[in-house]
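*Asks:* I'd like to ask some things about the structure below.
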Amino acid sequence: MISESDLKTWVLDYSDPLYSYIFKRVGDDELAKDLVQETFIAAYKNRDKFRENSNPLAWLYTIIKHKMIDHFRAKKRKPTDSLDDQPHIDAILFNSKGHWTQAPSSAFFSSDMDEAERKEFWSFLQLCQNDLSEQQKMAFVFKYMEGWSSKRICKELDISSSNYWVLIHRAKLKLRQCLENNWLNK
Amino acid sequence: MMNCKQATRAIEQANEHRLSWLKRLELRFHLLICKSCMLFHKQWEILERLLSDPSSSSQRLSEEDKSSILIKIEKEIHKS
């Protein structure tokens, strides 16, 4: 059973990793802080479910993961502006024969980024993630950050497998292009 | 023959073993002759590693943020 003082220690010890985790996924500072706070409150309210000797951070991660999924589900239900009148990214990057109109740049990031470049990368990623449609964002986060299978994502988004491949392909192309543009113009 | 648009999509499907052996062969061949798609493929592999590595970014909360979280939590707990 966790006491109030345990909870305080947890906030001091674990709010950073929890914030880092959730901020990368929702891309909004205020929202990320709210979700961290809600996670601690939920942990306290369900304190009888916490087993002594188990890892508190692992338990908190489980809670915040559910909060993230709930957040995305709630957003999915809200109608958003249709982006259908814009040309799709694959119609911009490839010509009618399916060849690149704008080939990927080799000057774009490499595996030996230093600390400063990594920081820059993450701030560009946040920017570019918010450029995706809500559905693309969900697919992207679930696949690349959470490691979900395509089957599970199809079920969560309630889409067919062929829709999924179009969705993830466009999300990937769009995000990559946005990152590259920011990277080359920095 | 597979074009670049199809190849970039097939890379994703190959990762999840959703390609027939014939398509896989076509993709391999395409990547062998197309520098742009190979670059796209290699760069995305780096990106994927970064995305799934929790230590690759560590945003921190300020002390102020932490104390405001503590205050809000206390309020919430004592409400009930």
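*Asks:* Placing +1 on the Cβ of each Lys and Arg and -1 on the Cβ of each Asp and Glu in chain A, which of A:166, A:58, A:19 has its Cα farthest towards the positive end of the resulting dipole?
*Replies:* Result: A:166.
*Asks:* Under a crude label model (7 Å from the Cα following the beta-carbon direction), how far is residue A:95 from residue A:161 in nanometres?
*Replies:* The modelled label-to-label distance comes out at 3.4 nm.
*Asks:* Collect residues whose amide H, placed 1.01 Å from N in the peptide plane, falls under 5 Å from the amide H of residue A:94; neighbours closer than 5 in sequence don't count.
*Replies:* Counting only residues 5 or more places away or on other chains, the set is A:101.
*Asks:* Let me confirm one metric for peptide A:107-117, namely the mean number of other chain beta-carbon atoms within 10 Å of its residues' beta-carbons. Don't skip to the end; give the middle numbers.
*Replies:* On the way: counts 0, 5, 4, 3, 7, 1, 3, 0, 0, 0, 0.
Per residue, the average neighbour count from other chains is 2.
*Asks:* On a C-alpha basis, how far is the centre of region A:36-72 from the centre of region A:126-175 in Å? Whole number, if you could?
*Replies:* Here the two parts' Cα centres lie 25 Å apart.
*Asks:* Taking each full run of DSSP H in chain A as one helix, which ones are at least 15 Å long along their axis (Cα atoms) and have mean Kyte-Doolittle hydropathy of at least -0.5?
*Replies:* A:4-26, A:29-45, A:56-77, A:161-184
*Asks:* If you take the beta carbon distance between residue A:53 and residue A:119 as r and set R0 to 45 Å, what does 1/(1 + (r/R0)^6) give as a FRET efficiency, to the nearest 0.05? Let's see the in-between values first.
*Replies:* On the way: r = 36 Å, r/R0 = 0.81.
Computed FRET efficiency for residue A:53 and residue A:119: 0.80.
*Asks:* If you don't mind, another one. In which sequence would A:121, A:140, A:50 go, from the one with the fewest C-beta neighbours within 10 Å to the one with the most?
*Replies:* Working: A:121 19, A:140 22, A:50 15.
Least to most surrounded, the residues fall as A:50, A:121, A:140.
*Asks:* Moving on. In what order do A:141, A:11, A:166, A:36 fall by count of nearby beta-carbon atoms within 10 Å, going from fewest to most? Don't jump to the answer; show the numbers that get you there.
*Replies:* Values: A:141 23, A:11 20, A:166 14, A:36 27.
Fewest-to-most ranking of A:141, A:11, A:166, A:36: A:166, A:11, A:141, A:36.
*Asks:* Whole number please: convex hull volume per residue of the Cα set in the protein assembly as shown, in Å³? Walk me through the intermediate numbers first.
*Replies:* On the way: hull volume 42.7 nm³, N = 266.
With only Cα atoms used, the protein assembly as shown gives 161 Å³ per residue.
*Asks:* Could you work out [θ]222 nm for chain A from helices alone, using -39500 (n - 2.57) per DSSP H run of at least four and dividing by all its residues? Round to the nearest 500 deg cm²/dmol. It would help to have the intermediate numbers written out before the result.
*Replies:* Working: 8 runs with 121 residues, N = 186.
Mean residue ellipticity, 222 nm, calculated: -21500 deg cm²/dmol.
*Asks:* A further question follows. Using unit Cβ charges (K, R positive; D, E negative) and no other charged atoms, how large, in debye to the nearest 20, is the dipole of region A:83-186 about its Cα centre? Please report the intermediate quantities before stating the final value.
*Replies:* Details: 13 positive and 14 negative charges, 68 e Å.
Rounded to the nearest 20 debye, it is 320 debye.
*Asks:* What list of ³J(HN,Hα) couplings, whole Hz, do you get for region A:88-103 from phi and the Karplus terms 6.51, -1.76, 1.60, once you set θ to phi - 60° and write x for glycine and proline?
*Replies:* Values, residue by residue: 6, 4, 5, 7, 8, 7, 10, 7, 5, 8, x, 9, 4, 8, 9, 5 Hz.
*Asks:* Here is a follow-up. Could you list, by residue number, the cysteines of chain A that have no other cysteine's beta carbon within less than 4.7 Å of their beta carbon?
*Replies:* A:154
*Asks:* Any idea what the relative contact order of chain A is, in percent, if you count C-alpha pairs under 8 Å spaced at least 6 apart? Before the final figure, lay out the partial values.
*Replies:* Values: 120 pairs, mean separation 39.3, N = 186.
The value is 21 percent.
*Asks:* Taking Cα atoms of region A:7-165, Rg/Rh with Kirkwood Rh, to two decimals?
*Replies:* Details: Rg = 19.0 Å, Rh = 18.4 Å.
Radius of gyration relative to Kirkwood radius: 1.03.
*Asks:* Next up: Taking 7 Å along the Cα-to-C-beta vector as the label spot, tell me the residue A:131-residue A:103 distance in nanometres, rounded to one decimal.
*Replies:* Modelled inter-label distance: 2.2 nm.
*Asks:* Can you tell me the equivalent ellipsoid semi-axes for chain B? Use √(5λ) from the Cα gyration tensor, largest first, whole Å.
*Replies:* On the way: eigenvalues 468, 47, 15 Å².
After scaling each eigenvalue by five and taking roots: 48, 15, 9 Å.
*Asks:* Any chance you could check the Cα centroid distance between region B:42-80 and region A:1-28 for me, in angstrom?
*Replies:* Each part's Cα centre sits 7 Å from the other's.
We did not get these values from a lab; they are worked out from the coordinates using the rules stated. Just so it is clear, the model here is predicted, and its values are computed rather than measured. For neighbour counting, all protein chains shown are included, and Cβ atoms are generated from backbone atoms with ideal geometry for every residue, glycine included.
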